[in-house]
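To keep things clear, I will list the structure first and then write my remarks on it.
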Amino acid sequence: MRARRPLTVLAASLAASSLLLGACSSPTTIDDVGAGGDTTEVEVYTWWASGSEKAGLDALVKVFEEQNPETKFVNGAIAGGAGSAAKELLQSRLQVNDPPDTFQAHAGAELSDYITAGQLEDVSYLYDRFGLRDAFPQSLIDRLTVEGRIYSVPSNIHRANVVWANPDVIEDAGLDADATYDDLDAWFDALEKVKKSGATPLAIATTWTQVQLFETVLLADLGPDGYTALWEGGVDWAGPEVTEALEDFETLMSYTNTDRDGLDWGDATQMVIDGKAAFNVMGDWAEAAFQEAGASAPDDYLYFPVPGTDGVFDFLADSFTLPVGARHLGGTEAWLGTISSLDGQIAFNRAKGSIPARHDVPPTDFAPYQQAAMESFGQDVIVSSLAHGAAAPTATVNAITDAVSKFTSGASDLETFQADLVAANAD
Ligand code: GAL
């Protein structure tokens with residue numbers, strides 16, 4: 001990193017964060033569900049359909065095919081970052097009892113939606129079969145658990161509150177590329193200078209990326225405790241701290257590219273890679289895009305926590321499920337075996353920019369960014385991502401997304417935006 005500090009640190013543990021989903025009772029065993037089943041194929045449903053995300057999936061499939069030569073991998077990926085199209089289509093398949101053999105779901109509140117709807121089988125028996133109870137942090141298992149049953153297997157952990165930056169664009173604006181920004185106000189000064197230089201200060205894309213930016217502003221302004229309290233009812237959405245965060249969000253949005261709504265995350269990150277924009281706030285799947293472009297930090301790109309969020313790890317984890325009614329149980333079990341294996345987690349996460357969910361993977365197998373992220377995950381305060389299903393149920397995320405979209409498209413003012421957010425969080 002161009003003399004940029006690593007993504008550091010405040011002590012805490014994932015266990016201290018919100019949304020621990022359940023208490024323990026006796027786990028389901030393999031006999032409850034029945035072992036075996038059709039191993040001929042497995043349809044794997046994700047939104048990792050192109051670019052660096054597909055490269056990550058491909059790396060995983062390679063290990064899968066080595067470990068399970070008898071099982072055909074069927075790629076059910078649906079394009080659209082953050083599952084913007086995949087999640088809705090998945091619902092329509094689940095409604096008509098046509099589930100894929102396994103689908104991607106975020107640990108936390110989003111997973112609990114599927115569990116409450118009775119759409120997932122308990123996969124505790126696979127934790128026993130594959131020896132996973134000690135492989136993952138207990139606090140992560142807690143987020144995948146309801147009433148003693150575990151409903152998915154995690155493949156990785158991503159961090160959402162990261163700024164990616166182009167040092168040349170920053171220097172061309174007369175700024176020090178190694179400068180750090182203690183808070184949003186300090187960053188606004190830099191964004192203003194980039195704007196005067198003619199480059200795009202802050203690259204952004206379609207609505208879900210704006211929601212992700214919004215969550216990091218809430219985090220910066222309310223702090224990790226206040227941010228977490230937003231989802232637990234301890235902070236008033238109508239209150240002045242939220243108003244201040246909305247004002248900061250409005251300021252940040254004023255520095256973004258106006259063609260944003262037609263872009264997906266990869267386009268916005270590409271603007272930084274190509275030297276068209278100085279900064280992009282994006283989860284660390286962006287690291288994979290920089291790697292794929294052959295860029296190396298700190299000469300070609302920089303990364304640091306969103307100003308005001310240093311010491312906080314805005315967490316999300318992808319995990320894979322066994323849907324009720326899946327047709328190829330043996331194929332699903334094989335997939336869940338590969339994604340949880342040491343080889344699967346190393347291959348996938350090296351290509352995906354994320355860090356392994358397993359805690360027995362040597363950091364030295366990973367790029368400097370990921371080593372820094374692993375260190376942060378071990379030491380930072382952990383909070384749950386809103387845009388990526390960890391913090392709030394899907395209905396709330398959707399209502400907040402509508403409110404953000406209405407505001408950023410100019411269809412509401414700050415006051416209405418806040419009223420919409422109050423309504424979105426009313427239940
Ligand atoms: C997240 C997902 C990541 C990445 C990102 C962008 O929701 O957890 O793995 O795919 O969306 O599409």
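Rounded to the nearest 0.05, what FRET efficiency do Val324 and Ala423 have when you use their Cβ-Cβ distance and R0 = 25 Å?
Numbers: r = 33 Å, r/R0 = 1.31.
Efficiency at R0 = 25 Å is approximately 0.15.
Taking Cα pairs under 8 Å and at least six residues apart, what relative contact order does the chain come out at, in percent? Please report the intermediate quantities before stating the final value.
Numbers: 855 pairs, mean separation 136.4, N = 427.
The value is 32 percent.
Between the C-alpha center of region 315-375 and that of region 154-186 there is a gap of 27 Å.
Rounded if a/c is under 1.5, else prolate if a/b is larger than b/c, else oblate: which is region 108-233, with a ≥ b ≥ c the root eigenvalues of its Cα gyration tensor? List each step's numbers first, then the result.
Working: a/c = 2.96, a/b = 2.47, b/c = 1.20.
In terms of gyration-tensor shape, prolate.
From most to least packed by mean Cβ count within 10 Å, the peptides 235-244, 99-108, 124-133 give 99-108, 124-133, 235-244. Here the dipole of the chain is about 720 debye; that uses its Cα centre as origin and unit charges on the Cβ of Lys and Arg (positive) and Asp and Glu (negative).
Anisotropy class assigned to region 178-313 is prolate, per the alpha carbon gyration tensor with a/c at or over the 1.5 cut-off and a/b larger than b/c.
Can you tell me how much longer the chain between Lys196 and Glu66 gets when fully stretched, taken as 0.36 nm per residue apart minus their C-alpha distance, in nm with one decimal?
Separation in residues times 0.36 nm, less the Cα-Cα distance, equals 41.5 nm.
With only the Cα atoms considered, region 266-411 has a convex hull volume of 164 Å³ per residue.
What does the C-alpha gyration tensor say about the overall shape of region 42-187? Classify as rounded when a/c is under 1.5, otherwise prolate if a/b is larger than b/c, or oblate. Intermediate results must be reported in sequence, preceding the final value.
Values: a/c = 1.97, a/b = 1.73, b/c = 1.14.
Prolate shape, in that a/c is at least 1.5 and a/b is the bigger ratio.
Per 0.36 nm of contour for each residue apart, how much would the distance between Glu88 and Thr243 grow if the chain were fully extended, relative to their Cα-Cα spacing?
Details: separation 155, 0.36 × 155 = 55.80 nm, distance 3.13 nm.
The Glu88-Thr243 span can extend by a further 52.7 nm.
Ratio of alpha-carbon Rg to the 2.2 N^0.38 Å globular estimate for region 345-385, to two decimals, please.
Working: Rg = 10.0 Å, N = 41, 2.2 N^0.38 = 9.0 Å.
Dividing the Cα Rg of region 345-385 by 2.2 N^0.38 Å gives 1.11.
The relative contact order of region 331-424 comes to 14 percent, based on Cα pairs under 8 Å that sit 6 or more residues apart. Look at the dipole of the chain built from charges on Cβ: of Leu60, Val146, Trp285, the Cα furthest out on the positive end belongs to Leu60. Rounded to the nearest 20 debye, the dipole size of region 88-158 about its Cα centre is 140 debye, using +1 on the Cβ of Lys and Arg and -1 on the Cβ of Asp and Glu.
Compared with the alpha-carbon gap, the fully stretched path from Asp38 to Asp261 is longer by 76.0 nm at 0.36 nm per residue.
Using 7 Å Cα-to-Cβ label points, what is the Glu147/Asp58 separation (nm, one decimal)? For the pair Glu147/Asp58, the computed spacing is 4.4 nm.
Sequence-distant contacts, meaning Cα pairs under 8 Å at least 6 residues apart, place the relative contact order of region 166-319 at 37 percent. With the simple model of a label 7 Å out from the Cα in the direction of the Cβ, Glu171 to Asp274 spans 2.2 nm. Applying a DSSP loop filter and a limit of 13 other Cβ atoms within 10 Å to the GluC sites (Glu not before Pro) in region 73-176 leaves Glu147.
Can you give me the convex hull volume of the Cα atoms of region 190-252, divided per residue and expressed in Å³?
Details: hull volume 5.4 nm³, N = 63.
Convex hull of Cα atoms, per residue: 86 Å³.
If R0 equals 56 Å, the separation of the Cβ atoms of Thr416 and Gln138 corresponds to a calculated FRET efficiency of about 0.85. Among Trp164, Trp285, Trp187, the largest mean-square fluctuation in a Gaussian network model of the chain, built with springs joining Cα atoms closer than 10 Å, belongs to Trp187. Per the Cα gyration tensor, the chain maps to an equivalent ellipsoid with semi-axes of 35, 24, 20 Å, ordered largest to smallest.
Name the residue farthest towards the positive end of the dipole of region 291-426 from the options Val383, Tyr303, Ala334, assuming +1 on Cβ of Lys and Arg, -1 on Cβ of Asp and Glu, about the Cα centre. Value: Ala334. Computed across region 68-130, the Kirkwood radius stands at 13.5 Å (inverse of mean 1/r, all Cα pairs). Computed with a 1.4 Å probe over protein heavy atoms only, the accessible surface of region 215-304 comes to 36 Å² per residue.
Here the simple spin-label model places points 7 Å from the Cα toward Cβ, and for Asp189 and Ala229 these points are separated by 3.0 nm.
Here's the picture: charge each Lys and Arg Cβ at +1 and each Asp and Glu Cβ at -1 in region 119-264, and of Trp187, Ala160, Pro201 the one pushed furthest to the positive end of that dipole is Ala160.
The values are calculated or read from the model by the stated rules, or taken from the named source; none is laboratory data. In this text, all values refer to a predicted model and were calculated from it rather than measured experimentally. Using ideal geometry, Cβ is built from the backbone for each residue, glycine included, and neighbour counts are taken over all protein chains shown. Note: accessible area is taken over every heavy atom of the protein model, side chains too, but ligands, DNA and RNA are not part of it. Shrake-Rupley method; radii C 1.70, N 1.55, O 1.52, S 1.80 Å.
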